[in-house]
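The values are calculated or read from the model by the stated rules, or taken from the named source; none is laboratory data. For clarity, every value in this text was computed on a predicted model and none was experimentally measured. Please note: Cβ atoms are built from the backbone with ideal geometry, for glycine as well, and neighbour counts cover all protein chains shown.
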């Protein structure tokens with residue numbers, strides 16, 4: 001069996017692993033500083049702010065072009081979601097009625113569910 | 001023949017040949033990798049029992065001839081998809097539970113839509129979970145339910161259990177569930193209240209974008225993505241390695257957005273004020289004190305969890321009110337604890353032996 005300490009592939013893999021650990025540890029230390037938090041949140045805050053301003057501007061532009069804005073589309077989506085929800089309820093109800101009718105006829109969907117009688121192996125000495 | 005100590009010269013030609021073969025395989029498999037879509041995940045047969053907005057309730061079809069009386073409801077973390085618990089046959093926690101005779105339901109989350117930005121913590125704890133529990137009761141015909149919560153799904157389950165301590169939750173299992181949020185040190189620093197303006201963020205973006213969630217997870221180990229890609233290239237000749245890499249990579253990058261108001265509460269109440277740990281948490285005006293939970297509880301934590309460090313998860317068992325309580329510390333990380341090779345060998349059998357006798 002080849003000695004791993006002299007195997008260039010194993011050495012390379014080990015080096016990658018060590019570099020990963022070292023860099024992660026170093027970065028974690030840097031990221032634990034308040035300065036890091038301050039900079040990241042300033043950048044993040046500015047990005048979010050710019051995103052909002054751009055959104056507002058686009059909204060005005062779309063209104064002037066007589067096109068639906070995002071908020072109008074969102075309100076449409078809300079209505080659609082409510083309709084979707086009601087459809088799902090109807091579907092679930094139909095599914096339930098269908099299952100009940102098949103159960104009474106003894107069909108496949110009404111195949112009996114397994115009995116809830118299982119005991120743990122320790123209770124009767126063997127795995128059921 | 002060993003001319004130099006430690007170097008087996010006779011093995012060198014063989015090693016070179018093996019490396020050349022692997023290099024050829026890498027090129028062939030590399031093309032295959034780029035042109036294929038990876039294994040199909042979450043394929044254990046299931047029925048959608050209930051869908052409402054971001055909430056999906058699945059029922060997995062039982063496979064055993066006889067099942068335990070008490071059904072299981074798994075509550076997934078709101079940041080990630082539930083298929084981490086149902087990767088592929090042979091590496092699926094769900095499949096394991098079904099084969100061991102459990103009746104399994106899962107509350108999985110879809111990405112909240114922009115119009116769902118106003119979902120609050122109370123929608124999750126006082127509406128979605130109780131709604132799913134009722135559906136499970138109706139479908140199974142049983143009153144009692146075992147709840148299993150993964151990561152933040154565990155936090156939601158704890159909040160639910162502390163507000164409804166008289167049932168119907170019969171047993172609680174938490175995987176890597178944080179309680180002391182001060183100990184999530186890097187997340188604490190990212191969310192430092194002196195610099196992080198959560199209101200500005202939520203008011204600007206509505207829902208927290210999944211890219212932001214993913215970046216915050218990846219920032220915990222910034223070199224790991226690059227290193228994992230180097231390792232992938234080295235092992236691309238190995239089909240099993242590639243399959244496993246693709247499964248975990250796909251799941252890890254398939255992050256969900258978080259509803260804005262919900263995220264605001266997480267930041268203010270948990271990250272900043274640490275209310276769960278300080279026994280000051282309330283949801284929708286109802287006190288959520290985890291010492292009120294009296295049901296049997298098992299908490300599984302990972303020794304090398306970089307997302308929920310052990311110190312953040314450790315206070316759960318001491319703080320909970322149950323007499324029948326147990327913590328299991330296993331080797332591994334946040335994900336490998338529940339879905340890796342160690343999970344198959346250690347966590348799943350341990351969970352089965354603990355839960356089986358409490359499911360009758």
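One table, with the values for the structure above:
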item	result
Residues (away from chain A (no Cβ under 14 Å) and in a loop (DSSP other than H, G, I, E, B)) located in the range B:32-75	B:36, B:37, B:38, B:39, B:40, B:41, B:42, B:43, B:44
Among the candidates B:165, B:178, residue that is farther than 29 Å from residue A:96 by Cβ and surrounded by fewer than 18 Cβ atoms within 10 Å (Cβ to Cβ)	B:165
Selected residue (criterion: nearest to residue B:204 (Cα to Cα)) from residues of the range A:13-25 that are within 9 Å of another protein chain (Cβ to nearest Cβ) and surrounded by 12 or more Cβ atoms within 10 Å (Cβ to Cβ)	A:24
Residues located in the range B:191-218, provided they are more than 7 Å from chain A (Cβ to nearest Cβ) and in a loop (DSSP other than H, G, I, E, B)	B:191, B:193, B:194, B:206, B:207, B:209
Residues of the range A:79-128 that turn out to be more than 21 Å from residue B:61 (Cα to Cα), modelled with pLDDT under 70 and within 9 Å of chain B (Cβ to nearest Cβ), as a count	2
Scope the range B:168-190; condition touching a residue at least 60 places away in the same chain (Cβ under 8 Å) and part of a loop (DSSP other than H, G, I, E, B); matching residues	B:176, B:177, B:178, B:179, B:180, B:184
Among (1) within 14 Å of chain A (Cβ to nearest Cβ); (2) surrounded by 22 or more Cβ atoms within 10 Å (Cβ to Cβ) - the single one residue B:107 does not satisfy	(1)
Qualifying positions in the range B:323-345 - assigned to a loop (DSSP other than H, G, I, E, B) and touching a residue at least 40 places away in the same chain (Cβ under 8 Å)	B:334, B:335
Any hit, the range B:292-307, residues being more than 16 Å from the chain's Cα centre (by Cα), without any contact (Cβ under 8 Å) to a residue 60 or more places away in the chain, surrounded by fewer than 16 Cβ atoms within 10 Å (Cβ to Cβ) and on the phi < 0 side of the Ramachandran plot	no
Residue match in the range B:142-154 (condition: part of a helix (DSSP H, G or I), under 18 Å from residue B:57 (Cβ atoms) and without any contact (Cβ under 8 Å) to a residue 12 or more places away in the chain)	no
The range B:113-122: number of residues that are in a helix (DSSP H, G or I) and modelled with pLDDT under 95	3
Criterion violated by residue B:181 - all others in (1) more than 11 Å from chain A (Cβ to nearest Cβ); (2) under 28 Å from residue B:88 (Cβ atoms) satisfied	(2)
Single unsatisfied condition, residue B:78 versus (1) assigned to a loop (DSSP other than H, G, I, E, B); (2) under 20 Å from residue B:159 (Cα atoms); (3) within 13 Å of another protein chain (Cβ to nearest Cβ)	(3)
Residue in the range B:308-319 that is within 21 Å of residue B:102 (Cα to Cα), at pLDDT below 95 and outside any helix (DSSP H, G or I) present	no
Meets criteria (touching a helix residue (DSSP H, G or I) at 6+ places or on another chain (Cβ under 7 Å) and within 8 Å of chain A (Cβ to nearest Cβ)) for residue B:221	yes
Members of the range B:327-342 that are surrounded by fewer than 17 Cβ atoms within 10 Å (Cβ to Cβ) and farther than 19 Å from residue B:152 by Cα	B:331, B:341
Test: residue in the range A:51-59 that is facing chain B (nearest Cβ under 7 Å) and either closer than 27 Å to residue B:207 by Cα or touching a residue at least 12 places away in the same chain (Cβ under 8 Å) (or both)	yes
Lone unmet requirement of (1) closer than 28 Å to residue B:349 by Cβ; (2) in a loop (DSSP other than H, G, I, E, B) for residue B:105	(2)
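Each row is one residue, and each column tells you yes or no for (1) touching a helix residue (DSSP H, G or I) at 6+ places or on another chain (Cβ under 8 Å); (2) within 23 Å of residue B:80 (Cα to Cα).
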| position | (1), (2) |
| --- | --- |
| B:299 | yes, yes |
| B:302 | yes, yes |
| B:312 | yes, yes |
| B:322 | no, no |
| B:332 | yes, yes |
| B:341 | no, yes |
| B:345 | no, no |
